[in-house]
Amino acid sequence: MEIDYEKLADALAPKLLGGLQEIVDRQLENQEIPYMLTIDQLMKFLHIKRWKASELLGRSDFPVLREAGVLIPRDKLFEWIDRNLDWVEDNTGYFKAV
């Protein structure tokens, strides 16, 4: 029996994405994520160390508000994660910890 891996991937992709969305939704319900995150909250949420958080905050494309200290808007963070999902998977334990 031959397996068409492209067809298999096409069939599984929507289910996997739906499952990931459910996991994120559950995590959001269980954790009251503030509208604006501090660096410590960002570290906890992404399961990263301070040096990695500092690296993120130094990126020109990372959403950070510096006018009131260092604050990360939750909604912009999620948009950034969507745009940079490969980087998050490669550089954090976020998906491994869920």
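The values are calculated or read from the model by the stated rules, or taken from the named source; none is laboratory data. Source: prediction; values computed, not measured. Glycine gets a Cβ as well: all are built from the backbone with ideal geometry, and neighbour counts include every protein chain shown.
Checked against the criteria, Ile72 does not count as touching a Ser or Thr at 6+ places or on another chain (Cβ under 7 Å), on the phi < 0 side of the Ramachandran plot and either of a type in the set (D, E, K, R) or not assigned by TED's automatic domain parsing to the domain that holds Val24 (or both).
Each row is one residue, and each column tells you yes or no for (1) surrounded by 13 or more Cβ atoms within 10 Å (Cβ to Cβ); (2) assigned to a loop (DSSP other than H, G, I, E, B); (3) basic (Lys, Arg); (4) at pLDDT 70 or above.
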site	(1), (2), (3), (4)
Ile23	no, no, no, yes
Glu32	no, yes, no, yes
Met43	yes, no, no, yes
Glu55	yes, no, no, yes
Lys76	yes, no, yes, yes
Asp82	no, no, no, yes
Glu89	no, no, no, no
